[in-house]
Amino acid sequence: MNIENLHWCSNCLTMSTRPRITFDERGWCNACVWTEKKKTINWEARQLELQNLLDTHRRNDGHFDCVVPLSGGKDGSYVAYNLKHKYGMNPLCVTVTPALPLPLGDQNLRAFVESGYNHVSINPDHEAMRVLNKTGFIEMGFPYYGWLIAIHTAVIRMATAFGIDLIFYGEDGEVEYGGSTETSKNPIYDVHYQKKVYLEGGYEKVLAASGLTAGELNFFRYPSDEELNQHALQLTHWSYFENWDPYRNYLVAKEHCGLKEAEDSNAGTFTNFSQNDQAIYALHTYLMYLKFGFGRANQDACIEVRRGAMDRQQAVNLVRLYDGHYPEEFMQQYLNYYRMNQDEFDAVLDRYANRDLFEKVNGRWKPMFAVA
């Protein structure tokens, strides 16, 4: 990306560097186009689709009939709450424990469970998770790649073990926030789509580079195609069936599932009610910033603009103030976890810093662009 060609959505602040992003003739990104299009979607028809899907899997014998992967945050809690209380389903909620959990995340997960849900915590081999996270950090610039794998693979293994064929994730980030529109008209997707899009095509590469044994990788491997063919497994996103609103989700989770927000704004952004479960998320968004030029504040601001909570100039001001935060407050945790010294750690950051967008000044990467 030549910096002269860099541009932002004319409605929100999505950058032209975002993978799989497109813009229309007005300069609107496909996430804003989607937000506009949602006003014309027949949501009643999609509710009928949802009801038919649930009725296909609904059980009246006390067994679980769907799985909801969640961290105890706003979105998974919202999905589980609706499935149980609005649609009468019996969800099994599943959490894959992150490597560096935050106290508030643990507190919110416990509050969610105590608000009335069946829940399983999966703790994959700790050393295997560390190795995969480190491998993903080095090989893909993705510092919790092992955990990202497991929230797909381990959840699917849990579902098949319980004989559950329906898995509900929250929002389809590609459609809601800008990216592939492949699933905008089809709510069901498969593991091959997960590998290609959500795991960014690096699944086999990272597993192979890890040097881990088959036993150590048990929770990090998908069932074989032969195993999957023995199940009528359906993966879907709640956001296909209902107009997705993260702030509404937060309010519902706060009222009904005991969710608490952070006392101060989160690292690198102006919000305090999202992604409070793990310390590595701050590193993930910093690497995203180095690779593409947008970070956590940009993502949050774009959501707020699209839902009508702020105007574009307010978003610009917040992004200029918060984006690109170097997560120094977690640095010692990162070095201890990855078993790296500062020079080794910084070398990985340097590897992924986009030289078209950034220059190094006094040991830190600084943007050569101004958000506009």
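Odds and ends about this structure:
- Selection within region 116-165 - of a type in the set (Ser, Thr, Tyr) and more than 20 Å from Gln275 (Cα to Cα): Tyr117, Thr135, Thr153, Thr160
- Screening Pro91 against (1) out of contact with any Asp or Glu (no Cβ under 9 Å at 6 or more places or on another chain); (2) farther than 30 Å from Gln314 by Cα; (3) buried (at least 17 other Cβ atoms within 10 Å of the Cβ) leaves a single unmet condition, (1).
- Asp61 meets all of the listed conditions (1) modelled with pLDDT of 95 or more; (2) more than 18 Å from the chain's Cα centre (by Cα) but one, namely (1).
- The criterion of at least 3 residues that are closer than 22 Å to Ala309 by Cβ is met, among helices (runs of 4 or more DSSP H) falling completely within region 8-120, by 30-37, 74-81.
Matching residues to (1) within 20 Å of Tyr144 (Cβ to Cβ); (2) of a type in the set (A, V, I, L, M); (3) part of a helix (DSSP H, G or I):
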| position | (1), (2), (3) |
| --- | --- |
| Phe273 | no, no, no |
| Ala282 | yes, yes, yes |
| Cys302 | no, no, yes |
| Gln313 | no, no, yes |
| Asn317 | no, no, yes |
| Val371 | no, yes, no |
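- Contacts under 9 angstrom Cβ, first residue in region 13-38 being acidic (Asp, Glu), partner surrounded by 14 or more Cβ atoms within 10 Å (Cβ to Cβ) and part of a loop (DSSP other than H, G, I, E, B), 6 or more apart: Glu36/Asn11; Glu36/Trp28
- Candidates Ser121, Ser115 - the one that is touching a Cys at 6+ places or on another chain (Cβ under 6 Å), surrounded by fewer than 18 Cβ atoms within 10 Å (Cβ to Cβ), of a type outside the set (Val, Ile, Thr) and at negative phi: Ser115
- Residue, farthest from Asn266 (Cα to Cα), within region 335-369, restricted to residues that are touching a residue at least 60 places away in the same chain (Cβ under 8 Å) and part of a helix (DSSP H, G or I): Arg351
- Pairs where the first residue, in region 81-92, is at positive phi and the second is surrounded by fewer than 18 Cβ atoms within 10 Å (Cβ to Cβ) and at pLDDT 95 or above, C-beta under 8 Å, 6+ apart: Gly88/Arg58
- Comparison of Asp190, Asp172, Asp165 shows that the only residue that is assigned by TED's automatic domain parsing to the domain that holds Leu50 and at pLDDT 95 or above is Asp165.
- Exclusive hit being closer than 25 Å to Asn118 by Cα, in contact (Cβ under 8 Å) with a residue 60 or more places away in the chain and not assigned by TED's automatic domain parsing to the domain that holds Val305, set Leu207, Leu212, Leu235, Leu148: Leu235
- Within region 1-50, the set of residues being of a type in the set (Ser, Thr, Tyr) and exposed (fewer than 13 other Cβ atoms within 10 Å of the Cβ) comprises Thr40 only.
- Selection status of Val131, in contact (Cβ under 8 Å) with a residue 24 or more places away in the chain and in a strand (DSSP E or B): no
- Taken across region 263-284, residues that are surrounded by fewer than 21 Cβ atoms within 10 Å (Cβ to Cβ) and of a type in the set (Ser, Thr, Tyr) do occur, with at least one present.
Yes or no, residue by residue, for (1) of a type in the set (A, V, I, L, M, F, W, C); (2) within 26 Å of Phe358 (Cβ to Cβ):
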site	(1), (2)
Gly258	no, no
Asp264	no, no
Thr271	no, yes
Asn276	no, no
Phe294	yes, yes
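- For region 336-360, a tally of residues being more than 19 Å from Met288 (Cα to Cα) and not acidic (Asp, Glu) returns 6.
- Check on Gly215, in a loop (DSSP other than H, G, I, E, B), at positive phi and more than 16 Å from the chain's Cα centre (by Cα): no
- Checking each residue in region 158-170 for being surrounded by 19 or more Cβ atoms within 10 Å (Cβ to Cβ) and either of a type outside the set (A, V, I, L, M, F, W, C) or closer than 28 Å to Ile21 by Cβ (or both) picks out Ile167, Phe168, Tyr169, Gly170.
- Unmet criterion (only one of (1) buried (at least 21 other Cβ atoms within 10 Å of the Cβ); (2) of a type outside the set (Asp, Glu); (3) in contact with a strand residue (DSSP E or B) (Cβ under 7 Å, 6 or more places away or on another chain)) for Lys84: (1)
The values are calculated or read from the model by the stated rules, or taken from the named source; none is laboratory data. Everything numeric in this text was worked out from a predicted model, so none of it was measured. As a convention, Cβ positions derive from the backbone with ideal geometry for all residues, glycine included, and neighbour counts pool all protein chains shown.
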